[in-house]
Amino acid sequence: MKVLPFLLSSAVTVGLVVTLNTNLVLPAPLGSLLSPQQGIWQNAEDDNYNFSADLKFPQLIGKVNVYLDDRLVPHVFAEKENDVYFVQGYLHAKFRLWQMELQTLAAAGRASEIIGDKALDHDREFRRLGMVYAAEISEKEVEKDPVIKGECDAYTAGVNAYIDNLTESELPIEYKLLGYKPEKWNNLKTALFLKYMSYDLAGHDDDFEMTNAKSFFSPDDFNKLFPLVQDSLDPIIPKGTVFDSAKIKPVAPANVDSVYFDNKDMANVEEEKPDRDNGSNNWAVSGSKTRSGAPILCNDPHLGLNLPSLWFEMQLSTPTFNAYGATFPGAPGVVIGFNDSAAFGFTNGGRDVRDYYEIKFKDDTRKEYWFDSAWKKTDFRVEVIKIKDKPDYLDTVAYTIFGPVMYDKSFTGGRSDVHKNYAVRWKAHDPSDDLKAFNMLDHANNYADYNAAVTNLHTPGQNCVFACKSGDIAIRAQGEFPAKWKGQGDFIMPGVDSSYMWQGMIPQDEVPFQYDPARGFVSSANQKPADSTYPYYLGRDYPMYRGLYINRKLTEMNDITVQDMMDLQTSEYDVFAEMAVPIFLNNMKVDQLNDEETRYFNILKYWNLTDDAASKGATVFNIAWKDFTKEVYDDEYAHAPKVIMRPFESTLLESVLRDSAYKFLDNIGTDKVETLSDDVTAAFKKAVVELSKADKEGKLEWAKYKDTHISHLTKLEAFSSLHLPIGGGTYCVNAAKNDHGPSWRMVVSLKPQTEAYGIYPGGQSGNPGSKYYDDYVNKWVEGKYNILWMMEKGEEKDPRVKWKMVFSN
Amino acid sequence: MKFLISLIITAALSFAICLYCPWWSIAIIAFIVAVLIPQKPFVAFLSGFFALFIFWFVLTLYISNNNEHILAHKVSMIILKSDNPFALILITALIGALVAGFAALAGSFARKTK
């Protein structure tokens, strides 16, 4: 009898299969992962892969031809407008499905479903901010607009047409590695994606940090640390522009000083925050300043750098419009780009549209809260958070007249304790039909069309730049913004009555704009949109240095070529350093420096103020300035609460330029009165310790010290581009920081035959196993551009066309 | 000769079944082939083992070669923590080989229990 060996060998076989097909024994199911016909090997795209295809979908009304060029850019030609969005959805899914879904899952506070309870805090933060609530309101708004509804429905149908026909082996590799499957797309997911952009671009606030700073410092010190005015500011709408008086005149409550400005309350909340450097540059020069006589438009949005990239390049062509540019996998239309008549781009407005109100509940049930001298009923929204391998987590969020109570004793960002209730009032909760702005821009022929288009963009507020072939250039600091009284929403506000609520929105005809200005250019780089003559309160903290340099150069330049614009867009000149280095050079006590310190001081002294990749001066300056900031302020902050605002990036430089006896230069911990020279010298000595260490590690060159990288969304290093030899930085037009920077660079010359260039740090394919995954990265690092080819009918046989996909019903 | 025939049949049917069924159905194929084609247990093991070793090795090598090993470089970093495409191909082949080998062994014993 061979029963025993049979049982034994059967057991071994079953054991092997179980071991290799699950993660009970191994951290990953190696068998299913590595099986060559279904696993990851199927994601190893053939070097000569043929993307051509003939596809039939009954959802289509007409025929759609897609020509894929040698960079894998689809040029989509549809007979019917909505068919183009169907195919856009299909292609977004074909090349970028995993990232599209991940971004919407993260936006919806559903990350725990995939990565487990380590994402629970993130999920609760997003649910409580009302991300899904906001997306649902958006979706309802889209329902009212048949054009945008049709566009979204077609897009959704296209994404699902791809998902429905997706086989196990074709699943994007990330699904295989993380062990889950895509779900169906819907219009809510598109809305969630757009809310994610709203979070990223219009979700920043420092209300808790500012409240604590206000309570910790004296009013005089507070104003010195967080000034309302920047002397060096060159606003988007130039100084001297005359504004009409405000149509809406917000009135501060009678008790504003006692219960708001002078209230010494502390708030113990740590928010999850979008990157505060989510900024950008854009400008347009009129034909009077260019060699060709045609306007040139440029844009480079600075966002977190990731693989797969946030952007996907496409041409969408129908009988009613023909647009080319960067699209968002997750949403229909071209977002930043150009059409046959015009070009358009965006920078972030950075206005404060997220405020907090302290709510007083009657009792722990939170069923009623005190508002306008009465108990008002709370609405509850139960958030069901599914967690991988764990039971669901139920989070009951209270909704007030202001918005959801985001932070309370049950949730403080998971890091500190609080016994107060803070409701969030966020502009992104309001109904708006923002996709209409992009739809209409894609169709826009002239300035009037542009104006009608961008006024639909409410949140996130964006500085929208425009140029068209008829010669017009324009910019609008666009968005629907609350009209605030001075200081409103800088701190947490009382939520016991209506007096602190937003009193209205700034009317669209009072949004700052510039149209064909005499200076021949318009520009923005996230600086304050206007100076204090603008009749509405604009808040405090705006980055202003890139804008200074761009405006200086554009003012000087004439006879401008496309190459000049590329050179400006990739400029690594550091205008902040230009203003700050003399402070070091003129105040350093050189006689107190030893040989090593003198050597580094000389590097700084002879530095050309350019943050290029090989620059050592840039590293010396950056470390020295960081230590100078600490030297000046650390003593004042020594006993500060953990959650507190540090001075704005421009505060120290602006203050020292104005007053060399700036109050905070003195170290309050010593008997002596320190001077600017003392601080500069002490800071530099400290900086040399770090510089010396960096030098020993071979990291003194700026690019090596800064270490720019583009991480895969999972942070898997093998799927990332690391240690990129690129210069630039926060204060350079080329704002390439370590994980953040120009996510799409575009230059469009609107000659009769449009000449356009662009690049993003990634590649068209989201598949790490494709040669098109990261093929633009090195070119982006080198500051080079791809030619953006607006394909025309009749060019089907052009050698750039490599594959053809035919979609029909 | 029987060895070669069962090796080829195992490999061919494994390919076919994996077009429609999960990867581990190679075990069922190897088992059935060993039941139907009588061989000594150890020989049956070897025919199952080498059928899948050779088939998966050649297939994976072919796929990866046409990909210029772009993916294998990256995935080997993730799974093996070292940049070694060839090792990843070898491990893939070994996984198929072991599962099919033991399934064939079981099949061969099953035949003898009758």
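Read-outs throughout are calculated quantities, based only on the coordinates presented, and are distinct from any laboratory measurement. If you're wondering where the values come from, they're calculated on a predicted model, not measured in any experiment. A quick note on method: Cβ atoms are made from the backbone with ideal geometry, for glycine too, and the neighbour counts reach across all protein chains shown.
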Task: Relative packing of A:515-527, A:603-615, which averages over residues the other C-beta atoms within 10 Å, highest first - done: A:515-527, A:603-615
Task: Peptide B:21-32 - average C-beta neighbours from other chains (10 Å radius) - done: 4
- [ ] Please report the base-10 log of the normalised intensity I(q)/I(0) for the stretch A:151-228, using a Debye sum with one equal scatterer per alpha carbon and no solvent, at each q in 0.17, 0.19, 0.23 (1/Å).
- [x] -0.81, -0.93, -1.08
Open item on the list: Inside 10 Å of the C-beta atoms of B:57-66, what's the mean count of C-beta atoms belonging to other chains?
Closed with: 4
- [ ] Would you count, across chain B, every pair of lysines whose alpha carbons are under 22 angstrom apart, provided the pair is eight or more residues apart or spans two chains?
- [x] 5
- [ ] Using the Kyte-Doolittle scale, find the helices of chain A whose mean hydropathy is at least 1.6 and whose Cα atoms extend 20 Å or more along the helix's long axis, counting only whole DSSP H runs.
- [x] A:3-21
- [ ] Partner chain Cβ atoms within 10 Å, averaged over the residues of A:38-49 - can you pull that number for me?
- [x] 6
- [ ] Once you have all Cα-Cα distances for chain A, histogram them in 20 Å bins from zero and send the whole-percent values.
- [x] 15, 46, 33, 6, 1, 0
Open item on the list: Using amide H atoms built in the peptide plane, which far-off residues or other-chain residues are under 5 Å from residue A:531 H to H?
Closed with: none
- [ ] Express in whole angstrom the spacing between the alpha-carbon centres of the stretch A:441-463 and the stretch A:49-94.
- [x] 26 Å
Open item on the list: What are the membrane-span-like helices in chain B by this rule: whole DSSP H runs, Cα extent along the axis at least 24 Å, mean Kyte-Doolittle hydropathy at least -1.0?
Closed with: B:41-66, B:85-113
Open item on the list: Counting only other residues whose beta carbon sits under 14 Å from that of residue B:81, what net charge do I get with K and R as +1, D and E as -1?
Closed with: -1
- [ ] Give the distance, in whole Å, between the Cα centre of the stretch A:576-638 and the Cα centre of the stretch A:556-574.
- [x] 28 Å
Task: Alpha-carbon centroid distance for the pair the stretch A:357-372 / the stretch A:164-197, whole angstrom - done: 40 Å
- [ ] Kindly rank A:120-126, A:333-339 from highest to lowest mean number of other beta carbons found within 10 Å of each residue.
- [x] A:333-339, A:120-126
Open item on the list: Skipping prolines and chain starts, which residues have an amide H placed within reach, meaning under 5 Å, of the one on residue A:463, given they are 5 or more residues away or on another chain?
Closed with: A:347, A:348, A:349, A:478
Open item on the list: Cβ neighbours within 10 Å, averaged per peptide: list A:213-222, A:232-241, A:318-327, A:369-378 in order, most packed at the top.
Closed with: A:318-327, A:232-241, A:213-222, A:369-378
